[in-house]
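Please read the structure below before turning to the comments.
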Amino acid sequence: DAGVTQSPTHLIKTRGQQVTLRCSPKSGHDTVSWYQQALGQGPQFIFQYYEEEERQRGNFPDRFSGHQFPNYSSELNVNALLLGDSALYLCASSSLGSGNTIYFGEGSWLTVV
Amino acid sequence: GDSVTQMEGPVTLSEEAFLTINCTYTATGYPSLFWYVQYPGEGLQLLLKATKADDKGSNKGFEATYRKETTSFHLEKGSVQVSDSAVYFCALWDTGGFKTIFGAGTRLFVKA
């Protein structure tokens with residue numbers, strides 16, 4: 001049973017560029033949440049997707065956008081990258097049956113130079 | 001809004017020592033509570049959880065009890081191993097916001 005998978009694992013981008021990160025949820029899960037984890041800090045909630053709609057959003061600017069596909073996989077897009085966007089981006093999946101428990105992927109390390 | 005506060009690290013212990021990592025929370029209602037662990041270079045793994053007051057979550061020798069009176073969920077282990085070295089995150093489910101809120105994390109170093 002595959003867990004949450006994310007791609008790419010590592011990437012380096014230049015300021016002003018755009019990036020797309022991808023996530024496939026754990027089998028049987030229909031909800032995907034994205035988190036940003038800066039070095040030495042706890043994960044910060046970006047947004048959550050359910051039934052292909054953004055259900056909840058954290059305190060992140062509109063440069064951060066997302067999408068969920070009919071197969072429940074998801075993308076996170078960040079436009080006009082800033083140096084401060086350098087972080088580990090974590091995808092987590094859940095379902096009604098997981099009892100409010102979210103399960104994380106290994107993350108995508110983004111470095112903005 | 002809801003929040004989680006956990007003790008600052010790093011915590012450095014010798015192998016076989018007793019571990020306590022303190023965690024307190026602020027929330028409306030009675031949220032589910034979690035401990036996640038993050039090993040170097042990896043994502044977060046669920047360690048244990050508790051869904052109601054007085055519940056005790058346990059896994060791999062770690063335990064935490066949901067204390068409504070003190071709004072706490074302290075993590076304990078009777079005898080730590082070098083392999084327990086990691087960052088530990090306390091978290092709660094925000095019942096009003098469909099999201100999990102995390103503390104800042106506590107780094108644990110265990111020396112042989």
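The values are calculated or read from the model by the stated rules, or taken from the named source; none is laboratory data. Since this is a predicted model, take the numbers as computed values, not measurements. Here the Cβ positions follow ideal geometry from the backbone for every residue, glycine too, while neighbour counts run over all protein chains shown.
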*Kindly indicate the residue of segment A:52-70 that is assigned to a loop (DSSP other than H, G, I, E, B) and within 14 Å of chain B (Cβ to nearest Cβ) and also surrounded by the fewest Cβ atoms within 10 Å (Cβ to Cβ) among those meeting that condition.*
A:N59
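Per-residue answers, yes or no, for (1) touching a residue at least 12 places away in the same chain (Cβ under 8 Å); (2) of a type in the set (D, E); (3) surrounded by fewer than 21 Cβ atoms within 10 Å (Cβ to Cβ):
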site	(1), (2), (3)
B:T5	yes, no, yes
B:G9	yes, no, yes
B:E16	yes, yes, yes
B:T51	yes, no, yes
B:N59	yes, no, yes
B:E69	no, yes, yes
B:S85	yes, no, yes
B:G96	yes, no, yes
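When you scan segment A:71-78, do you find a residue that is assigned to a strand (DSSP E or B), in contact (Cβ under 8 Å) with a residue 24 or more places away in the chain and small (G, A, S), even just one?
yes
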*Among the residues of segment B:12-26, is there at least one that is in contact with a helix residue (DSSP H, G or I) (Cβ under 8 Å, 6 or more places away or on another chain), in a loop (DSSP other than H, G, I, E, B), among the acidic types (D, E) and over 19 Å from A:Q44 (Cβ atoms)?*
yes
*Please indicate, with yes or no, whether at least one residue in segment A:80-93 is assigned to a loop (DSSP other than H, G, I, E, B), farther than 17 Å from B:K99 by Cβ, of a type in the set (G, A, S) and touching a residue at least 60 places away in the same chain (Cβ under 8 Å).*
yes
*Output yes when any residue across segment A:78-89 is within 11 Å of another protein chain (Cβ to nearest Cβ), under 14 Å from the mean Cα position of the chain (by Cα) and under 25 Å from B:V87 (Cβ atoms), and no when none is.*
yes
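Take B:G29 and decide whether it is assigned to a loop (DSSP other than H, G, I, E, B), at pLDDT below 95 and exposed (fewer than 13 other Cβ atoms within 10 Å of the Cβ).
Numbers: assigned to a loop (DSSP other than H, G, I, E, B): yes; at pLDDT below 95: yes; exposed (fewer than 13 other Cβ atoms within 10 Å of the Cβ): yes.
It is true that B:G29 is assigned to a loop (DSSP other than H, G, I, E, B), at pLDDT below 95 and exposed (fewer than 13 other Cβ atoms within 10 Å of the Cβ).
Is at least one residue of segment A:95-105 hydrophobic (A, V, I, L, M, F, W, C), more than 14 Å from chain B (Cβ to nearest Cβ), in contact (Cβ under 8 Å) with a residue 24 or more places away in the chain and in a strand (DSSP E or B)? Don't jump to the end; show me each part of the working.
First, the residues of segment A:95-105 that are hydrophobic (A, V, I, L, M, F, W, C): A:96, A:102, A:104.
Within this subset, residues satisfying the condition of being more than 14 Å from chain B (Cβ to nearest Cβ) are none.
No, the conditions are met nowhere in segment A:95-105.
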